[in-house]
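Contents: one structure, followed by commentary.
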Amino acid sequence: MEKKQITTEIEIYEDVSELPAAVQHLMQKAKEVRANAYAPYSQFLVGAALLLSNGEIVSGSNQENSSYPSGLCAERTAIYAAGANFPNQKILQIAITAGPRERANTVPVPPCGACRQAIAEYEQKQKQPIEVYFMGKSGKVCKVASLLSLLPLAFDRHFL
Ligand code: THU
């Protein structure tokens, strides 16, 4: 029997103001689009903004449905929009902000498992890691240099 340990690295910033201006701008876009979340069932609002290699920013918010599984998370709304509209651009960064509609949230909200899998696919597609920044509605911001830091032992095309 062999035992292996998997480690991951995450940077934690006290406030978004500690990050480079371009990342602050991206997070601001994520906050703006968070207000467009259609979340009448959970009242939990999520915004995601992607920076592309051509400088374009593509954003998305969660879109719910009365048939719950038909809804889609903010991160996938955004990344599929980027893939659909800018198929040849690389995704450099993704900024995520989330929290309940009527309450403050200072706890950083990481992307769900399905969104991690979706973002990982684009790292494979573009053969380049994507920086992921995530936060609550205010306060600390977490950063990973690659989605794979949040998804060890990821399933990908090489298993097919
Ligand atoms: N949600 C996201 O948009 N992204 C995530 O990574 C986690 C969850 C949304 C889905 C649903 O509309 C609401 O948050 C509550 O789960």
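Would you confirm whether any residue within region 1-10 is surrounded by 13 or more Cβ atoms within 10 Å (Cβ to Cβ) and not hydrophobic (A, V, I, L, M, F, W, C)? Scanning region 1-10, I find no residue that is surrounded by 13 or more Cβ atoms within 10 Å (Cβ to Cβ) and not hydrophobic (A, V, I, L, M, F, W, C), so the answer is no.
Among the residues of region 108-138, those identified as open to solvent by 30 Å² or more (accessible area, probe 1.4 Å) and of a type in the set (D, E, K, R) are 116, 121, 125, 127, 131, 137. Can you find, within region 65-97, the residue that is farthest from residue 137 (Cα to Cα) among those that are within 15 Å of the ligand (Cβ to nearest atom) and more than 17 Å from the chain's Cα centre (by Cα)? In this case the residue turns out to be 67. Within region 1-26, residues that are under 15 Å from residue 94 (Cα atoms) reach partners that are part of a strand (DSSP E or B) and hydroxyl-bearing (Ser, Thr, Tyr) with beta carbons closer than 8 Å, at six or more positions or on different chains, in the pairs 19/13; 19/133; 23/133; 26/133.
Picking from residues in region 75-97 that are more than 20 Å from residue 145 (Cα to Cα) and touching a helix residue (DSSP H, G or I) at 6+ places or on another chain (Cβ under 8 Å), the one that is most open to solvent (accessible area, probe 1.4 Å) is 80. For residue 22, state whether it is more than 16 Å from the ligand (Cβ to nearest atom), among the small types (Gly, Ala, Ser) and outside any loop (DSSP other than H, G, I, E, B). Criteria met by residue 22. Of all the criteria given as (1) outside any helix (DSSP H, G or I); (2) within 19 Å of residue 42 (Cα to Cα), the one not satisfied by residue 115 is (1).
The values are calculated or read from the model by the stated rules, or taken from the named source; none is laboratory data. Not measured: the values here are computed from a predicted model. A quick note on method: Cβ atoms are made from the backbone with ideal geometry, for glycine too, and the neighbour counts reach across all protein chains shown. We work out accessible area using only protein heavy atoms, side chains counted, and drop any ligands, DNA or RNA first. Shrake-Rupley method; radii C 1.70, N 1.55, O 1.52, S 1.80 Å.
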